[in-house]
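Undergrad: Handing you a structure now.
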Amino acid sequence: MLRKLLALAIVVFVAFSCGTSGNEEDTAGTDSLPTIVITEFDKVAANFVGKEVKLEGTVTHICEHGGEKLNLMGADNQTFVKIYAGETVTKFETTLEGSKIVVFGKVDEFKMDEEYLNKWETEVLATIEAGTNQVVNSENEHVCKEDLAKQGENSVQDPQLAQIQQYRDEIATNGKGYISFYSVTCSKFEEQTK
């Protein structure tokens, strides 16, 4: 009798497990997310800070240092959104470059203010003084001085200091005291079939 009850319990458990899948719940949750068109992202992102959204685009670049961020390009082949790995998606494989994907994630806002610019400027000036071969550009990527010289840059630091000044000028005139940069922290993505 006990064996029959155990067998019946197993059959009922299997039947219910086969009837529902975790994917259905995930899909149901992501289907209702607002879809933001990448070419409109910067215009509407402020309305979605801290909220889950869906974006579709083509992967144009994946950070080679750990795969923690990618650029997702819009249909205009000019506009892109930075997508960062998060808790559930911890890195992006470089094989995704060139792929069309759908990203699900939370919109984040980085507020660049005078304090941030002062720190950045201090780092740039320290690099100039140290005569280091590696510098950090405005995208926070390490760049070799010789590579920039080959591209026609007279001084590696001048473009960074000029960029810092442009940001200061924008902060001074926008009335907010900071500049907002928006990105998405990825919780899930799906590669589209080619």
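Undergrad: Between Ala75 and Gln166, what is the FRET efficiency for a Förster distance of 25 Å, r being their Cβ-Cβ separation, to the nearest 0.05?
TA: 0.30
Undergrad: Moving on to the next point. Would you mind ranking Leu72, Leu125, Leu117 so that the residue whose beta carbon has the fewest other beta carbons within 10 Å leads the list?
TA: Leu125, Leu117, Leu72
Undergrad: Kindly provide the GluC sites (Glu not before Pro) of segment 92-134 that DSSP labels as loop, not H, G, I, E or B, and whose Cβ sees at most 16 other Cβ atoms within 10 Å.
TA: Glu93, Glu97
Taken together, the values in this text are just the output of simple stated rules run on the coordinates, not laboratory data. Quantities reported herein were computed from a predicted structural model and do not represent experimental measurements. Please note: Cβ atoms are built from the backbone with ideal geometry, for glycine as well, and neighbour counts cover all protein chains shown.
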